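*Asks:* Please see the structure below; I have some questions.
The values are calculated or read from the model by the stated rules, or taken from the named source; none is laboratory data. This is a predicted model, so every value here is computed, not measured. Quick reminder, even Gly has a Cβ in these numbers, built from the backbone with ideal geometry, and neighbours come from all protein chains shown. Note: accessible area is taken over every heavy atom of the protein model, side chains too, but ligands, DNA and RNA are not part of it. Shrake-Rupley method; radii C 1.70, N 1.55, O 1.52, S 1.80 Å.
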Amino acid sequence: MASKKKLKLKKGVKKRLFRLILVLIVIILGIKGLSIYKYHQTYEYKLIQIGYTKEEANKLEDKISKEGIENLLKDDSRDDDVLALVSEKYYLKRNYDLYLDYYKHNKSDSFEKIVAKVNAGAYREFYKDTQETDTSKDILVLVNKYKVLTEDYEVNDLKKIPAEYSYGEVEAREECYNAYLKMAKAAKKDGISLIVTSGYRTYARQEEIYMEMRNSQGKRYADAYAARPGSSEHETGLALDVFTYSATTENFEKTETYKWLNKNAHKYGFIRRYEEGKADITGYSPESWHFRYLGVDTATKVKNAGITYEEYYAYYIEK
Ligand SMILES: [Zn+2]
């Protein structure tokens, strides 16, 4: 009798164990099914379904907003152009829609150019829909044909550059003035003489220059060779036109003085602001003599990056 009871008991335990295992299996399968279902709802899965690799899908999710991804998913195949765009070094997530819009109308530009132009704001017409620039950036302020200074902008730490290193009355903000003197003295030791012909200009003075040119040569000419008031860096007190005696705007780039500046200016906090081949980004024709003070750290970084200050500002300074 006793052994029969034991057997029954054993059978009962086995049955319960079997049920428990069954329940566990159902639960595990359920969880798995749910997680597969959940994965199928992700952008990663949906992007892979239309031809992107897992890495590409993750990159797109990282670089594009949700709305952007939703738009990509409306296509039924992968878009290599979008992948090329988001892989650009200075690509900015906040400008994604602007890049696409610009690209739609300018298919011949490279993605590098598109990113540079859009970041700089240069996808718009010069002087159209200008914004008041952020003067709280102080010596890093960006002034151009999109970001402008207002008529009431004032600088209060101007200093007059000594006659030894300037031509006529030239003023600059103190920090720029100090850096320039240091640079001019170092150049002198190397047998190079630096002469500043233009520094700080008031809004009113810039207006005079522009209007004189416009009245005598017409609007098109004036816009090509002078800045409208509010959009000249000279109004910041941080830009200097540097020449040497006997040099002109035409031949300055060929002088030893220019070569010296090109090699050394960043060490004193200056960059050449308007380079060759960048007028569609900066809005200004090449000027080998126009130097902008940014401080040694930023000037060196801009120089090493080999980009315009517009591009640098959009990527590293503007929030
Ligand atoms: Zn200048």
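*Asks:* Just to be sure I understand the filter: pairs with C-beta atoms under 9 Å, separated by 6 or more residues or on different chains, first member in region 29-47 and assigned to a helix (DSSP H, G or I), second member charged (D, E, K, R) and open to solvent by 100 Å² or more (accessible area, probe 1.4 Å). Which pairs pass?
*Replies:* Once the first residue is assigned to a helix (DSSP H, G or I) and sits in region 29-47, its partners that are charged (D, E, K, R) and open to solvent by 100 Å² or more (accessible area, probe 1.4 Å) give Tyr43/Lys66; Glu44/Lys54; Leu47/Lys54.
*Asks:* Given the conditions (1) within 20 Å of Lys93 (Cβ to Cβ); (2) modelled with pLDDT under 95, and given that Leu34 satisfies all but one, which numbered condition is not satisfied?
*Replies:* Exception for Leu34: condition (1).
*Asks:* Let me ask another. Checking Val296 against (1) at pLDDT 95 or above; (2) closer than 26 Å to Lys113 by Cα; (3) of a type in the set (A, V, I, L, M); (4) open to solvent by 10 Å² or more (accessible area, probe 1.4 Å), only one condition comes out false. Which one?
*Replies:* All conditions are met except number (2).
*Asks:* While we're on this one: Which one is most open to solvent (accessible area, probe 1.4 Å) among residues in region 135-156 that are of a type in the set (A, V, I, L, M, F, W, C) and within 16 Å of Ala120 (Cβ to Cβ)? It would help to see each step written out before you state the result.
*Replies:* Initial filter on region 135-156 (of a type in the set (A, V, I, L, M, F, W, C)): 139-143, 148-149, 155.
Next cut, within 16 Å of Ala120 (Cβ to Cβ) only: 140-143, 148.
Details: Leu140: 40, Val141: 2, Leu142: 4, Val143: 0, Val148: 25 Å².
The selected residue is Leu140.
*Asks:* Right, something else. Would you tally the residues in region 291-318 being of a type in the set (Ser, Thr, Tyr), in a helix (DSSP H, G or I) and farther than 17 Å from Lys263 by Cβ?
*Replies:* Number satisfying all stated conditions: 6.
*Asks:* OK, next. When Thr130 is evaluated against the numbered criteria (1) open to solvent by less than 60 Å² (accessible area, probe 1.4 Å); (2) of a type in the set (Ser, Thr, Tyr); (3) on the phi < 0 side of the Ramachandran plot, which criterion, by number, is the only one it fails?
*Replies:* Only one criterion is unmet by Thr130, namely (1).
*Asks:* If you don't mind, there's one more thing I want to ask. Within the group Gly295, Gly269, which residue is out of contact with any Phe, Trp or Tyr (no Cβ under 6 Å at 6 or more places or on another chain), within 30 Å of Asn95 (Cβ to Cβ), assigned by TED's automatic domain parsing to the domain that holds Lys182 and away from the ligand (no atom under 13 Å from the Cβ)? Talk me through it step by step, then tell me what you get.
*Replies:* Numbers: Gly269 fails: out of contact with any Phe, Trp or Tyr (no Cβ under 6 Å at 6 or more places or on another chain).
That would be Gly295, the only listed residue that is out of contact with any Phe, Trp or Tyr (no Cβ under 6 Å at 6 or more places or on another chain), within 30 Å of Asn95 (Cβ to Cβ), assigned by TED's automatic domain parsing to the domain that holds Lys182 and away from the ligand (no atom under 13 Å from the Cβ).
*Asks:* Inspect all residues belonging to region 196-213 and state whether any of them is touching a residue at least 40 places away in the same chain (Cβ under 8 Å), of a type in the set (A, V, I, L, M, F, W, C) and open to solvent by less than 50 Å² (accessible area, probe 1.4 Å).
*Replies:* Scanning region 196-213, I find at least one residue that is touching a residue at least 40 places away in the same chain (Cβ under 8 Å), of a type in the set (A, V, I, L, M, F, W, C) and open to solvent by less than 50 Å² (accessible area, probe 1.4 Å), so the answer is yes.
*Asks:* Going through region 214-235 one residue at a time, which ones are assigned to a helix (DSSP H, G or I), under 16 Å from Ser285 (Cβ atoms) and within 16 Å of the ligand (Cβ to nearest atom)?
*Replies:* Ala222, Asp223, Ala224, Tyr225, Glu233, His234
*Asks:* A further question on this structure: When only residues in region 236-264 that are in a helix (DSSP H, G or I) and touching a residue at least 60 places away in the same chain (Cβ under 8 Å) count, which is farthest from the ligand (Cβ to nearest atom)?
*Replies:* We begin by selecting, within region 236-264, every residue in a helix (DSSP H, G or I); these are 236, 252-254, 256-264.
Filter again for touching a residue at least 60 places away in the same chain (Cβ under 8 Å), leaving 236, 256-257, 260-261, 264.
Values: Thr236: 11, Glu256: 21, Thr257: 16, Trp260: 18, Leu261: 13, Asn264: 19 Å.
In this case the residue turns out to be Glu256.
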